[in-house]
Amino acid sequence: MNFQYTLASPLCKVFPNGQNLSPLKEPHLTGLRGETVSFQIAYLWNEWGREYGQVEVVPPCQGQVRVRTVELVPSQYPCHQRRDPYYLAAEPGLYPDLLRDLGPQGFPLITGQWRCLWVDVALDGPAGAFPVELRLRAREEELALVKLTCEVLDMDLPRLPIPHTEWFHSDCLANYYGVEVFSERWWELVEAFVRTAAQRHCNMLLTPVFTPPLDTAPGGERRTVQLVDVEDQGGTYRFGFEKFRRWIRLARDCGMEYIEISHLFSQWGAKAAPKIMGTKEGRYQQLFGWNTQAAGPEYGEFLHQFLTALKPELEALDIAGRTYFHVSDEPTMEQLDSYRQAYEAVAEDLKGYPMLDALSDHAFFREGLVEQPVCALDHIQPFLRDRPKKLWGYYCTAQCVDVSNRFMVMPGQRTRVLGALLYKHQLAGFLHWGYNFYNSQFSRYPIDPYRVTDADGAFPSGDSFLVYPGPEGQPEESLRLMHMDQAMSDYCALTALEKLAGREKVMEYLALELEFDRYPREGAGLLELRERINDAIRGCLAAK
């Protein structure tokens, strides 16, 4: 039959016309025990008519291999007008992103189009090399026998040593699946999506003690997902933590190591309180919100009582040492005074707890208002020169020129290079705002992420979510999530080599140009860097 295929790099995003196809340099993948390594099978079907093919994983490695199709998704807004040349495309269209498990029908064969199968191999066996073989069939005939070798190094992949948070939007799950918040079905959905995040090296969970005041139009509101019950008894408040305790137990059961308390003040300057619901005079109602002055005495007293009640809960749950707090997200210099007032309102009550916020201006750190700045990668140089003890990084829609990011139309290596950058520059954590944000900009209305991938024309496709809300309440992953997972695996592999040979030796391998705005532009270069790290680990292990 008229069928051709090639083993392709996990970093390439293959368009239907074959553009961006990058063959795998060698049919050999290496990693540490516990790591997942991946490759693609890019294929072209030139027979007449639509068909489906079947994949058979040849024994004995069936349990280690997962095969998914790379599906095209629509993008009406792939990128900003302000951009660099390091994009795959700039026009609206269909782009490869969604990873979908094979169903009974198999994988699609569409005349004249290049498509891809994404293949994960779990390196969970003994050290050494083993073959991976996949047999592709269609019309009861064999299309191809795909072969490569995987090698497990005799060392476990270390855990990620820094916090990595992808903001979790539990209201979006309730909206998309049509369930009530705090229903048993809602808890099941939360668990499924949290577990997937944890499996992909996300180890910190945004926890909505109050409905997070994020991506909300001024005066608007998002669906209530407040975990802490509040009762107003005339200026004295009682708090119920039953749902909060359940959330924490769920998070830890799924593998989350750090807890990130939702922001205590409104986004973009801390001018107002978040939406806080509670019982007052026998009626459930909104107690604080946009009409509440953030620096006012009433809200300040509420926060004092709340934090006083919360801290013993953190101690009892044994998470006090791994709980982080926020004041307000992305303040600007024009909002320095309002941010200062908000910070001073909680600083005493949160003494001893790490506090962090995403920002771009060094003045917030210089004036002692943010202990652990989370700096946009395109504004990080002043922070590297006058460095905080703990400096985090983040990117979002605005980081669209030169620096690493994860838009759908960016090359996979532009996403994966993040791991090496974090290690080289010793950042203390990484934050992104969109694990599963299925709303329009400012949360004015929900969207269907299978049809709308750009927050309805506001953010480049790929900025606002990493997973799709799959059928039966199970998340479907994306190419971008896998590239983020590979980035963090690279970081972990670098720490593994550091344990064996020291940081100075590792830095010799990172001597190539590797800055936040300058890094290898070719996927092969990044994969070769990882192979050199693997070779060095192999050499150190052999010399022991």
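Summary table below
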{"item": "Among residues of the stretch 10-44, those that are assigned to a strand (DSSP E or B) and of a type outside the set (D, E, K, R), counted", "result": "15"}
{"item": "Filter result (out of contact with any Leu (no Cβ under 8 Å at 6 or more places or on another chain), more than 22 Å from L526 (Cα to Cα) and surrounded by fewer than 16 Cβ atoms within 10 Å (Cβ to Cβ)) within the stretch 1-44", "result": "N2, N17"}
{"item": "Matching strands (runs of 3 or more DSSP E) fully within the stretch 66-180 where at least 2 residues are buried (at least 21 other Cβ atoms within 10 Å of the Cβ)", "result": "93-101, 107-109, 114-122, 141-156, 164-166"}
{"item": "Set E298, E260, E231: member being within 24 Å of E344 (Cβ to Cβ) and part of a strand (DSSP E or B)", "result": "E260"}
{"item": "Extreme residue, nearest to L303 (Cα to Cα), among residues of the stretch 228-252 that are open to solvent by 20 Å² or more (accessible area, probe 1.4 Å) and among the small types (G, A, S)", "result": "G235"}
{"item": "Residue match in the stretch 316-327 (condition: more than 20 Å from W433 (Cα to Cα) and not hydrophobic (A, V, I, L, M, F, W, C))", "result": "yes"}
{"item": "Residues located in the stretch 386-410, provided they are open to solvent by 10 Å² or more (accessible area, probe 1.4 Å) and farther than 20 Å from L510 by Cα", "result": "D386, R387, K389, K390, Y394, C396, T397, A398, V401"}
{"item": "Qualifying position, being aromatic (F, W, Y) and out of contact with any Ser or Thr (no Cβ under 7 Å at 6 or more places or on another chain), among F210, F193", "result": "F193"}
{"item": "Some residue of the stretch 497-512 being within 23 Å of the chain's Cα centre (by Cα) and either touching a residue at least 60 places away in the same chain (Cβ under 8 Å) or in a helix (DSSP H, G or I) (or both)", "result": "no"}
{"item": "Flag if E47 is in a loop (DSSP other than H, G, I, E, B), open to solvent by 10 Å² or more (accessible area, probe 1.4 Å), among the acidic types (D, E) and within 30 Å of M155 (Cβ to Cβ)", "result": "no"}
{"item": "Residue within the stretch 192-202 that is closer than 19 Å to S464 by Cβ and among the aromatic types (F, W, Y) present", "result": "yes"}
{"item": "Every residue from the stretch 410-443 that is out of contact with any strand residue (DSSP E or B) (no Cβ under 6 Å at 6 or more places or on another chain), in a loop (DSSP other than H, G, I, E, B) and over 21 Å from P213 (Cβ atoms)", "result": "M410, P411, V417, H425, Q426"}
{"item": "Subset of the stretch 181-219 [touching a helix residue (DSSP H, G or I) at 6+ places or on another chain (Cβ under 9 Å), free of Cβ contacts under 8 Å to residues at least 40 places away in the same chain and open to solvent by 10 Å² or more (accessible area, probe 1.4 Å)]", "result": "S183"}
{"item": "Checking A316 against (1) farther than 18 Å from R366 by Cβ; (2) touching a strand residue (DSSP E or B) at 6+ places or on another chain (Cβ under 6 Å), the condition it does not meet", "result": "(2)"}
{"item": "Helices (runs of 4 or more DSSP H) wholly inside the stretch 302-394 that include at least 2 residues being without any contact (Cβ under 8 Å) to a residue 24 or more places away in the chain and more than 28 Å from R414 (Cβ to Cβ)", "result": "336-346"}
{"item": "Within the stretch 50-65, considering residues that are within 20 Å of E133 (Cα to Cα) and in a loop (DSSP other than H, G, I, E, B), the one least open to solvent (accessible area, probe 1.4 Å)", "result": "C61"}
{"item": "Enumeration of residues in the stretch 377-400 that are under 17 Å from L431 (Cβ atoms) and either of a type in the set (D, E) or at pLDDT below 95 (or both)", "result": "D378"}
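One line per residue, one yes/no per condition, for (1) on the phi < 0 side of the Ramachandran plot; (2) in contact with a Ser or Thr (Cβ under 9 Å, 6 or more places away or on another chain); (3) open to solvent by less than 40 Å² (accessible area, probe 1.4 Å); (4) of a type outside the set (K, R):
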{"site": "T323", "(1), (2), (3), (4)": "yes, yes, yes, yes"}
{"site": "P331", "(1), (2), (3), (4)": "yes, yes, yes, yes"}
{"site": "V346", "(1), (2), (3), (4)": "yes, no, yes, yes"}
{"site": "L350", "(1), (2), (3), (4)": "yes, no, yes, yes"}
{"site": "Y353", "(1), (2), (3), (4)": "yes, yes, yes, yes"}
{"site": "D357", "(1), (2), (3), (4)": "yes, yes, yes, yes"}
{"site": "E371", "(1), (2), (3), (4)": "yes, no, no, yes"}
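The values are calculated or read from the model by the stated rules, or taken from the named source; none is laboratory data. This structure is a prediction, so every number in the text was calculated from the model and none was measured. Note: ideal-geometry Cβ built from the backbone for every residue, glycine included; neighbour counts use all protein chains shown. We work out accessible area using only protein heavy atoms, side chains counted, and drop any ligands, DNA or RNA first. Shrake-Rupley method; radii C 1.70, N 1.55, O 1.52, S 1.80 Å.
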